[in-house]
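Colleague: Could you have a look at this structure, given as structure tokens, before my questions?
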Amino acid sequence: MPAVLELKNIGKEFYQEGKKIKILEDINFTIEEHEFLAIVGPAGCGKSTLLKIIMGLDKPTKGEALYHNNKINSVDSNMSIIFHSFALLPWLDVLENVELGLEAQGMKKEVRMNKAIRMIQAVGLEGFENAHPRELSTDMKQRVSIARALVTDPEVLLMDEPFSVMDPLMAEGLREELVSLWEDKYVKPEIILMVTHNIEEAVYLADRIIVLTQRPGSVAGEFEIKLPRPRKKRSKEVYKIIDAITALIA
Amino acid sequence: MDKNIILPKVEVGRTIGFLEILDDYGSKVDIAKIAADLLLDLDDVLPVVDTAEMFNFIKVEDGDLTLTKSGLEFVIQGIRGRKKIINNCLNNTTVFQIINKEINKDKEKSMDKEELLSILRTLLPDTEVENAFRIILEWGRHGLVLRYDSEDSQVRMI
């Protein structure tokens, strides 16, 4: 199967006060269709920078990132990204925030609204259409972000520590819903790429995990998770993988 | 069980997340153990336990928690099914029954936010009612029981 995303010898460095700082070095991997890939690594290892390079928000200093064999030069409308902070427009309600993703596509208002409503239902926000962001709990806000990111039917969904600034119980519920969305045939995306420092979360959610070293981040190892979903968090298999990854990072 | 619980104390997401976690443990778990595993204070966990118990999703016996039949049924449902169950629970929850009754008495079939805060002050004399209002609104919206328009500050039943 041809790779959808390919990273070839990616390196990233910048200068700070005259000193060269290498963030990423020799990053090589591919992502295929129907893959949920997690990138884990210690703080500062460059995983967020890597995500931005893939999204087209930043350029590598060395090497190249390819999307369907084309060099990634700018943001592609077939990719959406979610950050840990929500960036919802406070003067728009939930429906309007989700519709925002579609406005650029030149859709008729009615079509936009229907798509947005269906996405709002898919992420469990039915009932909140007219709520404003300030009225929403953290997890509800993140659901709006997810709905807005997915309403354009992106092929690739990128997530940068999506559950890191959230109450652990809320994060738990959201992870489960992410698994449901991933398994839902009617919801794209085809590929999810999630950056996280939470190894348990990566093992629970992903098909494959790429482990980065400390800065400058390079690939320390790769793990395939072949366990069927939903996965039992407290199982021997899961613990084994978590231990192996932790050993690699430590 | 605390028979004085008449409204949910914590948000929807925390309650559902808690049930998912309990389900993952598989059987009876000690409250203190769950709190410790989650790196949470008991003070943070207890109101979640109260809320889950109020909806009859869990049973509490001697500090041990188990999912009830309803709780297990809830956990295996998808989003639609869960909303139906919550809708049912809320219709049997005192505070929502009170809101429903008052709104039905109103000519415009709506209730002002201040009026709801006032009701909450009577029901919960020692509590910060703005927080309670926010939580009730979240459950009410989530369970498709009520709507709230922040522009005119009106609560309406669905």
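Colleague: Relative to the first principal axis of the alpha-carbon coordinates of chain B, what is the inclination of helix B:79-91, with its axis defined by its Cα atoms, in degrees from 0 to 90 and to the nearest 10?
Modeller: That helix lies at roughly 60 degrees to the long axis.
Colleague: Next question, about the same structure. Pull up the cross-link candidates among the aspartates and glutamates for A:K47, meaning alpha carbon to alpha carbon under 15 Å and not fewer than 8 places away within one chain.
Modeller: A:E13, A:E25, A:D26, A:D58, A:D160, A:E161, A:E222
Colleague: Which three numbers, in whole Å and largest first, are the semi-axes of the equivalent ellipsoid of the stretch B:79-157 derived from its Cα gyration tensor as √(5λ)?
Modeller: For the stretch B:79-157, the ellipsoid semi-axes come out as 19, 15, 12 Å.
Colleague: In peptide A:140-150, how many Cβ atoms from other protein chains are near each Cβ within 10 Å, on average?
Modeller: 1
Colleague: Further question on the same structure: Quick one: net charge around A:N69, please, counting Lys, Arg +1 and Asp, Glu -1 for every other residue with C-beta under 15 Å from its C-beta.
Modeller: -4
Colleague: What does the extension gain come out to for A:L57 and A:E190, with contour length at 0.36 nm per residue minus their alpha carbon separation?
Modeller: 45.8 nm
Colleague: Additional query: Between A:I192 and residues 5 or more places away or on another chain, which pairs have amide H atoms under 5 Å apart, with H built 1.01 Å from N, and which residues are they?
Modeller: Placed amide hydrogens put A:E35, A:F36, A:L37, A:L157 under 5 Å from A:I192.
Colleague: Let me ask another. Would you mind ranking B:Y148, A:Y67, A:Y239, A:Y186 so that the residue whose beta carbon has the fewest other beta carbons within 10 Å leads the list?
Modeller: Ascending Cβ contact count within 10 Å gives the list A:Y186, A:Y239, A:Y67, B:Y148.
Colleague: Rounded, prolate or oblate for the stretch A:1-105? Axes are the square roots of the Cα gyration tensor eigenvalues, ordered a ≥ b ≥ c, and the cut-off for rounded is a/c under 1.5.
Modeller: Since a/c reaches 1.5 but b/c is at least a/b, the shape of the stretch A:1-105 is classed as oblate.
Colleague: For the stretch B:8-52 and the stretch A:98-176, what is the separation of their C-alpha centers, rounded to whole Å?
Modeller: 26 Å
Colleague: Tilt of helix A:168-183 relative to the longest C-alpha principal axis of chain A, in degrees (0 to 90, nearest 10)?
Modeller: Computed tilt is about 90 degrees.
Colleague: How many percent of all Cα-Cα pairs in chain A sit more than 27 Å apart?
Modeller: Tail of the P(r) past 27 Å holds 37 percent of the pairs.
Colleague: Then there's this: Just list whichever of B:K9/B:K69; A:K240/B:K28; A:K62/A:K115; A:K12/A:K232 have alpha carbons separated by over 28 Å in the model shown.
Modeller: A:K62/A:K115; A:K12/A:K232
Read the figures in this text as sums done on the coordinates, not as results from a lab. The model shown is predicted, which means the values in this text are computed figures rather than measured ones. Using ideal geometry, Cβ is built from the backbone for each residue, glycine included, and neighbour counts are taken over all protein chains shown.
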